[in-house]
There are 2 protein chains.
Amino acid sequence: MDRVLRTTHTSRLSLSQYADGIFAGDRSVLAKAITLIESTHRGDSAMAAEILEICGDQTADSITIGVTGVPGAGKSSLIDVLGRHVITTCQEKVAVLAIDPSSRLTGGSILADKARMPFLAASQMAFIRPSPSGVGLGGIGPRTREVILICKAAGFRTVFIETVGIGQSETSVRDMVDFLLLVAIAGAGDELQGIKRGVMEVADMIAVNKADSSNVREAEKARAVAEIALHYFPPSASGWTPLACVCSACTGLGIGEIWSQITKHHGMLRQNGFLAQLRREQGLAWFHESIDRSLKQMFVSAEAVQKRLADIEKEVVAGQTTPLAAARQLLLLYDSDRQRRAKKRESLL
Amino acid sequence: MDRVLRTTHTSRLSLSQYADGIFAGDRSVLAKAITLIESTHRGDSAMAAEILEICGDQTADSITIGVTGVPGAGKSSLIDVLGRHVITTCQEKVAVLAIDPSSRLTGGSILADKARMPFLAASQMAFIRPSPSGVGLGGIGPRTREVILICKAAGFRTVFIETVGIGQSETSVRDMVDFLLLVAIAGAGDELQGIKRGVMEVADMIAVNKADSSNVREAEKARAVAEIALHYFPPSASGWTPLACVCSACTGLGIGEIWSQITKHHGMLRQNGFLAQLRREQGLAWFHESIDRSLKQMFVSAEAVQKRLADIEKEVVAGQTTPLAAARQLLLLYDSDRQRRAKKRESLL
């Protein structure tokens, strides 16, 4: 996988080189294509759009699994053994996208992710990719949907999205995945550790991790508690009944069970038409998100806005200006910036 | 309150007439100002912005309460008696904003809301206002934050936001309010009716309504169930422990208790600094939302986009085009529309 590191941030390929590489499942080309898609440089957006267009809409024959839980719950290790299970048992290629607010697109972060997923890092059947910060300048989130699409086009049809949480202001992972697995660990007493508020209710399965050596009893207790809590939630629209299990990334306990539930869930949603409905909803949300993102991207990349944005955000937080006055000020700057540019273009013609 | 109906959609006032009326607490002027703010006509936006600017940022000395639950849970009746409690006990003015996807800005809808809130509809101390559909053309949500602001400026410092649910694609009510009250009713067995998935975990209090006549025992059972479910949730960041109660809008049972918990919660958040932090976060979110809304508003009001948007949404849902290709097509239309307009403006000068 060293190739990924070496080829990231190098010179561009041609469109057909990108397309050929992606469809051939070449991981180094895939990595470069993702870098291009995640680029915020104006010059990159046209090529990125063309690559995505070529990748088409390969959503039907694939499965995306969100894996969430606070740091320390053991998400990466669990994904490593789950991914191994998928690769060895189903002979399917696996991609892992890690969305971590603290991570940046650096070699260091990629290395850290790989150290926590030793099997997948060494496997020719796996592709690991950290995504940059959840929310960038101006509140623009990562292009996770696009990255999923391109991974699928490259034949990685099982995609794990690892995330520390699904907040309301971040791009919501729940909206992008077929199955949401919540990873928790046993706490003191009958508590569940590693759960962010608001996530439990939208999870399809809760896995109490680290059920190994002296921790087995506590994990089993925490699982029972989670099971009871799930019982009190209203039924999900898909008809799926969420469940709780114990597992261990070390001993492999529960891994087969988790994967069999994921495939069972997928089969059920496929059969009752909910998967098709989900895809339609995801498509419409994606369409609107894509427009919003482009409009916002044009906005934040305007010179006048770039100069002022960070400061004005600080002023809003400090209460020195109202949110509406600040927004209005920045929109006016944007408008005059655009007009100045248009005139300049006109005079050059 | 007939005045509200008569003056809505009538001719415009001057800025000072709006300002004077709002600060005097004149409900008919308030209603007209809200209509202006909710207007999507280009010509209205400058005046609306000026009115909002004058209203300033009166967020400190106020309380906003979200009241959610599915239709039939009795939200309106409960708000009516809670509002009466606030008016008669605290001598405070009360505003009720109803965000209902099925409601439209029509007299009929206002009348329906008022029929369900007889006390508040007749009170000089109350202002009732339905908001239009949760999400409009192009995914633009209602201007709830702005309407709250202007109600506060008019002296309605206790604001109830009534909503059928807080979905992820709608503008989230949870982000706008200080306290979220979930209204449920007893179901068969130990079930809780009237709860949408994902809401329970973010509620500050669950009120099992309609605990009157033959229904008292069932309500008490449902409350016990809700209490147990709440016990299994992770603690909230503010330090508040959510709780469950029974209540009845008919007999007044539990109304004093609910209000005392709301004020207790407010006092706690004020004391531990969480309210100030909440206001800062709400301010920054508002700033970004306001920019996003303006950018999207400009987009959807472009002639070329308006002609194509509804059809292209259908094509995306039907799978006839990919979300990204559709977004790109519409953005190109928008861009040429803008350039044509700019040239036209130029040639007129």
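The values are calculated or read from the model by the stated rules, or taken from the named source; none is laboratory data. Because the structure is predicted, anything quoted here is derived from the model rather than measured. Methodologically, a virtual Cβ is constructed for each residue, glycine included, from the backbone with ideal geometry; neighbour enumeration extends over all protein chains shown. Note: accessible area is taken over every heavy atom of the protein model, side chains too, but ligands, DNA and RNA are not part of it. Shrake-Rupley method; radii C 1.70, N 1.55, O 1.52, S 1.80 Å.
For the reader, a short list of remarks on this structure follows.
- The condition of being open to solvent by 10 Å² or more (accessible area, probe 1.4 Å), at pLDDT below 95 and outside any helix (DSSP H, G or I) does not hold for B:Gln297.
- Among the residues of segment A:36-60, just one is more than 14 Å from every other protein chain (Cβ to nearest Cβ) and under 20 Å from A:Met176 (Cβ atoms), namely A:Glu38.
- For segment B:249-258, the candidate set comprises residues that are in contact with a helix residue (DSSP H, G or I) (Cβ under 8 Å, 6 or more places away or on another chain) and open to solvent by less than 30 Å² (accessible area, probe 1.4 Å); within that set, the residue that is modelled with the lowest pLDDT is B:Ala249.
- Filtering segment A:301-311 to residues that are open to solvent by 10 Å² or more (accessible area, probe 1.4 Å) and assigned to a helix (DSSP H, G or I) leaves A:Glu303, A:Ala304, A:Gln306, A:Lys307, A:Arg308, A:Ala310, A:Asp311.
- Take the conditions (1) within 13 Å of chain B (Cβ to nearest Cβ); (2) open to solvent by less than 10 Å² (accessible area, probe 1.4 Å); (3) within 23 Å of A:Ser260 (Cα to Cα); (4) at pLDDT below 90; A:Glu227 misses just one of them, which is (2).
- Filtered by the rule that a residue be more than 9 Å from every other protein chain (Cβ to nearest Cβ) and surrounded by fewer than 16 Cβ atoms within 10 Å (Cβ to Cβ), segment B:312-334 gives B:Lys314, B:Gln320, B:Gln329, B:Leu332.
- Test: residue in segment B:132-140 that is modelled with pLDDT of 75 or more, surrounded by fewer than 22 Cβ atoms within 10 Å (Cβ to Cβ) and out of contact with any Asp or Glu (no Cβ under 6 Å at 6 or more places or on another chain): no
A quick yes/no check of all residues on (1) modelled with pLDDT under 85; (2) assigned to a helix (DSSP H, G or I):
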| position | (1), (2) |
| --- | --- |
| B:Thr10 | yes, no |
| B:Leu13 | no, no |
| B:Gly21 | no, yes |
| B:Ser28 | no, yes |
| B:Gly43 | yes, yes |
| B:Glu50 | no, yes |
| B:Glu53 | no, yes |
| B:Ala60 | yes, no |
| B:Pro71 | yes, no |
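- The single condition from (1) at the interface with chain B (Cβ under 7 Å from one of its Cβ atoms); (2) in contact (Cβ under 8 Å) with a residue 12 or more places away in the chain that A:Ala304 fails is (1).
- Odd one out for B:Ser236, checked against (1) surrounded by fewer than 19 Cβ atoms within 10 Å (Cβ to Cβ); (2) more than 10 Å from chain A (Cβ to nearest Cβ); (3) out of contact with any Leu (no Cβ under 6 Å at 6 or more places or on another chain): (2)
- Restricting segment B:259-294 to residues that are open to solvent by 20 Å² or more (accessible area, probe 1.4 Å) and within 7 Å of chain A (Cβ to nearest Cβ), the residue that is farthest from B:Asp44 (Cα to Cα): B:Arg280
- Positions within segment B:206-221 being under 27 Å from the mean Cα position of the chain (by Cα) and either of a type in the set (A, V, I, L, M, F, W, C) or within 11 Å of chain A (Cβ to nearest Cβ) (or both), in sequence order: B:Ile206, B:Ala207, B:Val208, B:Ala211
- Condition met for A:Leu192 (at pLDDT 85 or above and farther than 29 Å from A:Ala276 by Cβ): no
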